[in-house]
1. Does at least one position in the range 61-83 carry a residue that is among the hydroxyl-bearing types (Ser, Thr, Tyr), in a loop (DSSP other than H, G, I, E, B), modelled with pLDDT of 90 or more and closer than 25 Å to Gly135 by Cα?
2. What are the residues in the range 202-242 that are over 30 Å from Ile180 (Cα atoms), open to solvent by 40 Å² or more (accessible area, probe 1.4 Å) and not polar (S, T, N, Q), if any?
3. Suppose we keep only residues that are touching a helix residue (DSSP H, G or I) at 6+ places or on another chain (Cβ under 7 Å) and either part of a loop (DSSP other than H, G, I, E, B) or open to solvent by 70 Å² or more (accessible area, probe 1.4 Å) (or both) within the range 132-147. Which one would you say is modelled with the lowest pLDDT?
4. Going through Ala56, Ala52 one at a time, which residue ends up being under 28 Å from Asn163 (Cβ atoms), surrounded by 13 or more Cβ atoms within 10 Å (Cβ to Cβ) and in contact (Cβ under 8 Å) with a residue 60 or more places away in the chain?
5. Looking at the range 59-84, I want the residues that are within 30 Å of Ser114 (Cβ to Cβ) and have a partner that is surrounded by fewer than 11 Cβ atoms within 10 Å (Cβ to Cβ) and among the β-branched types (Val, Ile, Thr) with Cβ atoms under 9 Å, at least 6 apart or on another chain. Which pairs are those?
6. Conditions first: (1) of a type in the set (A, V, I, L, M, F, W, C); (2) under 30 Å from Leu95 (Cα atoms); (3) surrounded by 14 or more Cβ atoms within 10 Å (Cβ to Cβ). Ala268 passes all but one, so which condition is the exception?
7. So which residues in the range 17-50 are among the aliphatic types (A, V, I, L, M) and either part of a helix (DSSP H, G or I) or within 26 Å of Thr66 (Cα to Cα) (or both), if there are any at all?
8. Give me the residue from the range 84-114 that is exposed (fewer than 14 other Cβ atoms within 10 Å of the Cβ) and modelled with pLDDT under 90 and, out of that set, farthest from the chain's Cα centre (by Cα).
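The values are calculated or read from the model by the stated rules, or taken from the named source; none is laboratory data. Note that the structure is a prediction, hence the values are computed from the model and not measured. Glycine also receives a Cβ, built like all others from the backbone with ideal geometry; neighbour counts cover every protein chain displayed. These accessible areas exclude ligands, DNA and RNA; they are computed on the full protein's heavy atoms, side chains included. Shrake-Rupley method; radii C 1.70, N 1.55, O 1.52, S 1.80 Å.
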Amino acid sequence: MNQRSLDILEYPRIREEIAGFCMSEEGRHALMSAEPLCDSQEIERRKTLGRAWMRALSAETPPRLTGWPAISSFITALKVEGASLHTEECYALGLFCASSNGLREWASMREKNSGSGRIDVLSQTAGTDPLVQGGDALLVTSLLALPDLSLAEQAIFRIIDRNTGEIRDLPELRAIRQEIRKIRQDIDRLVGSYLSDDSLKTALQSNLPTVRDGRQVIAVRANYKGRIKGIVHEVSQSGQTVYLEPTDVVDRNNDLVSEESRLAREIA
């Protein structure tokens, strides 16, 4: 079918309107690139499947449709040995697995209940009509053909909270985070001791701590910098203030960098 015919039929507009109901970005993209079929058998199969879906969604126990963020941009990275995903990518993958597993489980339940005498809207509609029964069987068979991703889903959501998408407070991470909190408290205490030292009041440009390159430092008047041993990270444009990291703070800041790096490695 040529583009002019499609435009006359308003096919692009109808396709875009339907795409608005898609549960995922990949689903929307697939629908927006779809063209009308010419194979009569495939057309009839799709219509049969569509009717079966409508009956399923009207059933007493309908399949639960859930969406997920796009995964196509990074899923091929899983083939690379040693590759790892970011937290948000793992979360998206977990939601994809959960959605797929939910449909597969629903189909499995439908298959088990089909011969148990259990009545719902789907089975009532099917009756003894072979076309309807064939459509319902086609839907169930299609969903049962989905791969079982339950182990992947469990592995992901053991680490990532299903509701928030954040890394859980796992035992493997808890001890490191506690150590990081302790180091930060030590740094605050050490820096605070310099800022509250009456003997250093004339040497300090400010009694508030500041951060340079991710490390806590203190602002010291340039002509008094010899009063405090440490590392100068920066000098103000006027040259009157130096941002100095006292030696004992250097050690704890180094410990902080080390523990934060350890946490990042453990999360990865």
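1. yes
2. Scanning the range 202-242 gives Arg221, Tyr224, Gly226.
3. Only one residue tops the list, namely Gln133.
4. The conditions single out Ala56.
5. Glu60/Ile119
6. Every condition holds for Ala268 apart from (3).
7. Taking the range 17-50 first, the residues among the aliphatic types (A, V, I, L, M) are 18-19, 23, 30-32, 34, 37, 43, 49.
Within the range 17-50, Ile18, Ala19, Met23, Ala30, Leu31, Met32, Ala34, Ile43, Leu49 qualify.
8. Step by step, filter the range 84-114, then rank; the result is Lys112.
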